[in-house]
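The values are calculated or read from the model by the stated rules, or taken from the named source; none is laboratory data. This is a predicted model, so every value here is computed, not measured. Here the Cβ is made from the backbone with ideal geometry for all residues, glycine too, and neighbour counts use every protein chain on show.
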Amino acid sequence: MATIEDFKKLDLKVAEILKVEPHPNADRLWVLEVRVGEEVRTIVAGIRAFYTVEELVGKKVVVVANLEPATIRGVTSYGMLLAASAGDRVVVLSPEKDVPSGSIVK
């Protein structure tokens, strides 16, 4: 079971998706360029079957910003996009109202 101290270690932030490209080595992955405050970073996300480029570019999403970088099929990901799943449906988490990129999620 996770404690509140475990949860406090996560740095959840709002990010804006700037660019979306297919992963060069995986049919189910998108390579996203996102802005988190003033920083731009790459995040690899397994949501290609559920979202088009047009649906994602400009969208504000919630990311875990303080994960160690992970190389996923040859592309380094600097964070994790949060999504909910139910059966065969996947939905990315995004703020209900517009807030600036980099806003802290509590």
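Some points to look at:
- For the stretch 44-70, residues that are crowded, with 18+ Cβ neighbours inside 10 Å and either basic (Lys, Arg) or touching an Asp or Glu at 6+ places or on another chain (Cβ under 6 Å) (or both) total 3.
- Subset of the stretch 31-77 [in contact (Cβ under 8 Å) with a residue 12 or more places away in the chain, polar (S, T, N, Q) and assigned to a strand (DSSP E or B)]: 42, 76, 77
- Residue 39 satisfies every condition listed in (1) under 12 Å from the mean Cα position of the chain (by Cα); (2) farther than 25 Å from residue 25 by Cα except (1).
- Any hit, the stretch 79-88, residues being in a loop (DSSP other than H, G, I, E, B), at positive phi, at pLDDT 95 or above and surrounded by 13 or more Cβ atoms within 10 Å (Cβ to Cβ): yes
- A single member of 97, 8 is at pLDDT below 95, surrounded by fewer than 12 Cβ atoms within 10 Å (Cβ to Cβ) and basic (Lys, Arg), and it is 8.
- Against the numbered list (1) buried (at least 16 other Cβ atoms within 10 Å of the Cβ); (2) more than 17 Å from residue 98 (Cα to Cα); (3) touching a Ser or Thr at 6+ places or on another chain (Cβ under 7 Å), residue 20 comes up short only at (3).
- Per the listing 41, 35, the residue uniquely surrounded by 15 or more Cβ atoms within 10 Å (Cβ to Cβ), farther than 18 Å from residue 83 by Cβ and either modelled with pLDDT of 95 or more or touching a Phe, Trp or Tyr at 6+ places or on another chain (Cβ under 9 Å) (or both) is 35.
Conditions (1) of a type in the set (S, T, N, Q); (2) touching a Leu at 6+ places or on another chain (Cβ under 6 Å); (3) closer than 24 Å to residue 106 by Cα, marked per residue:
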residue: 6; (1), (2), (3): no, no, yes
residue: 25; (1), (2), (3): yes, no, no
residue: 33; (1), (2), (3): no, yes, yes
residue: 44; (1), (2), (3): no, yes, yes
residue: 76; (1), (2), (3): yes, no, no
residue: 89; (1), (2), (3): no, no, no
residue: 94; (1), (2), (3): yes, no, yes
